[in-house]
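Colleague: Input: one structure, supplied below.
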Amino acid sequence: MSEEIKITTPLDESTVLRLKAGDMVKITGYIYTGRDAAHKRLYDLIKEEKDLPIPIAGQVIYYVGPAPAKPGYATGPAGPTTSYRMDPYTPALLEKGLKGMIGKGLRSNEVITSMKKNKAVYFAAIGGAAALIARSIKKSEVIAYPDLGAEAIYLYYVEDFPAIVCIDAYGNNLYESEPPKYRIES
Amino acid sequence: MRKIDAREITNKVKSLFLEANFHIGKDVLEALEQAIEQEKSKVGQDALKMIIENNRLASSEELAICQDTGLAVLFVEVGQEVCIINGDFTEAINEGVKVAYQEGYLRKSVVDDPVFDRKNTKTNTPAFIYTDIIPGEKIKITVMPKGFGSENMSALAMLTAAHGAKGIIDFIVDTVRKAGPNPCPPTIIGVGIGGTADKAMVIAKKAIARPIGKHNANPKYAQMEQEALARINQLGIGPAGLGGNITALAVHIDYLPTHIAGMPVAVNVCCHAARHAYGEI
């Protein structure tokens, strides 16, 4: 594992290519949220060749459906949701220039192939550390699909958002490389 | 006959869901702390530290431990000498859930129709209530906000007697292996053996609420719990799935009589945020 790397959004290609699976990162800048329902809508718009409600090129999407914010908090608890549910919609977004995704859990081969082709990175955040992660989210506003409630697309401003590079733009995958080191065959 | 006001049920359900969503159990916290000692992976240790810090922060500031505050699952034992007045049992529970999720700033995660509209009910209801009639004049309530990252990794196998204890453990371990990093390890694995297909899953879910460190009273099943846990922790998945030797904190097995022709085995997976609370009226 390498030293902690500070990165800012939007991500340019040189930053993406510098990141390696296992790098601990702290992300600062604007990121967008999106989970199941929002992904389906974005995907449908791309298929219909219509404009998207948010810019995609160079951006990072965080797979999260936050809890409501208590008074005095920028957001409610906001940890990552499981990413594979977004897999069917993800290659289309990568083709549009999406550079980063933050979530937890496995990705499909189709997504990883598209990440390599389009030079994008998948970050893992620690699932279930929702209250703690929310501390790095300084501003939050609904920017598209308010009717979806927790599933709406929010624009977050994050400072030092903690994540780990899980699958890099070369296809190196921590979920594949790390468990065998601790596996005991019985 | 003891009369219990439906509003008392509402209030109890509300306070239990708030408690469960804000405050992780002492048993889970202790198991996580022990896991740091045992975990060999540095990244795994860091993930566990972050999880513990999150649990402490959520408790002290009364925030949801996880943004997925779950479907509202309840196991309710109703004394047969109880008479509920001034309202309807199910409505009273749903009202308690609705108020807890509103006042506690908890996420509403229920969609009304699973296939087509998938419209959010905006109240986190309906609750999913399992009721047992028991002797006495009390109502005993266990609430379990059940997150779906882990629920989605659950599995059922209709095994036969020939599979034996080894076949059951193989199925449990295989279910956890396939789940990989998805259910937010380290997990608590609830297992229900016997009964019918549906009943096996219900007792698997209820087994998750058993305090960590308490084994099945039957030593043969307690032995299976220990063997399954040891094998799960040899998979290498580790905390957050980033590699390590702590993939589960506990395996809880419960069992029931079953049919001569069958041996249902249900595995209900729970994330490290194993939230549940118990109260009596």
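Values in this text are rule-based calculations from the coordinates and carry no lab data. All of these numbers come straight from a predicted model, not from anything done at the bench. Cβ: placed from backbone, ideal geometry, glycine included. Neighbour counts: every protein chain shown.
Colleague: Which residue, of B:Gly190, B:Gly167, B:Gly147, B:Gly195, is over 16 Å from the mean Cα position of the chain (by Cα) and crowded, with 19+ Cβ neighbours inside 10 Å?
Modeller: Residue meeting the stated conditions: B:Gly195.
Colleague: Is there a residue in segment B:185-201 that is in contact with a Gly (Cβ under 7 Å, 6 or more places away or on another chain) and under 29 Å from B:Ala64 (Cα atoms)?
Modeller: Yes, segment B:185-201 contains at least one residue that is in contact with a Gly (Cβ under 7 Å, 6 or more places away or on another chain) and under 29 Å from B:Ala64 (Cα atoms).
Colleague: So which residues in segment B:212-222 are over 24 Å from B:Gly241 (Cβ atoms) and touching a His at 6+ places or on another chain (Cβ under 9 Å), if there are any at all?
Modeller: B:Lys214, B:His215, B:Asn216, B:Tyr221, B:Ala222
Colleague: Within segment B:222-281, count every residue that is on the phi > 0 side of the Ramachandran plot and surrounded by fewer than 24 Cβ atoms within 10 Å (Cβ to Cβ).
Modeller: 1
Colleague: While we're here: Applying the selection to segment B:242-262, what residues are farther than 25 Å from B:Leu48 by Cβ and among the aliphatic types (A, V, I, L, M)?
Modeller: Those that are farther than 25 Å from B:Leu48 by Cβ and among the aliphatic types (A, V, I, L, M): B:Leu256, B:Ile260, B:Ala261.
Colleague: Okay, moving on. Being among the hydroxyl-bearing types (Ser, Thr, Tyr) and buried (at least 21 other Cβ atoms within 10 Å of the Cβ) narrows it down to one residue among B:Thr90, B:Thr69; which is it?
Modeller: Within the list B:Thr90, B:Thr69, the selection yields B:Thr69.
Colleague: Can you say whether B:Gly194 is away from every other protein chain (no Cβ under 14 Å), touching a helix residue (DSSP H, G or I) at 6+ places or on another chain (Cβ under 8 Å) and closer than 20 Å to B:Asn233 by Cα, as far as the supplied structure shows?
Modeller: no
Colleague: Give segment B:33-51 a look and list any residue that's buried (at least 19 other Cβ atoms within 10 Å of the Cβ), facing chain A (nearest Cβ under 10 Å) and out of contact with any His (no Cβ under 8 Å at 6 or more places or on another chain), or say none.
Modeller: Hits for segment B:33-51 are B:Glu39, B:Ser41, B:Val43, B:Gly44, B:Asp46, B:Ala47, B:Leu48, B:Met50.
Colleague: Within segment A:1-57, work out how many residues are within 20 Å of A:Ile143 (Cα to Cα) and either assigned to a helix (DSSP H, G or I) or among the charged types (D, E, K, R) (or both).
Modeller: Total meeting the criteria: 14.
Colleague: Here is a further query. Name the strands (runs of 3 or more DSSP E) wholly inside segment B:203-281 in which the number of residues that are aliphatic (A, V, I, L, M) and closer than 18 Å to B:Ala155 by Cβ is 1 or more.
Modeller: B:248-258, B:263-270
Colleague: Given the criteria crowded, with 18+ Cβ neighbours inside 10 Å, under 13 Å from the mean Cα position of the chain (by Cα) and more than 7 Å from chain B (Cβ to nearest Cβ), does A:Val60 qualify?
Modeller: So A:Val60 fits the description; yes.
Colleague: For segment B:230-281, how many residues meet the condition of being in contact (Cβ under 8 Å) with a residue 40 or more places away in the chain and within 14 Å of another protein chain (Cβ to nearest Cβ)?
Modeller: 23
Colleague: Restricting attention to segment A:78-96, which residues are more than 14 Å from chain B (Cβ to nearest Cβ), out of contact with any strand residue (DSSP E or B) (no Cβ under 9 Å at 6 or more places or on another chain), not hydrophobic (A, V, I, L, M, F, W, C) and not in a loop (DSSP other than H, G, I, E, B)?
Modeller: Listed by number, the residues that qualify are A:Pro88, A:Tyr89, A:Pro91, A:Glu95.
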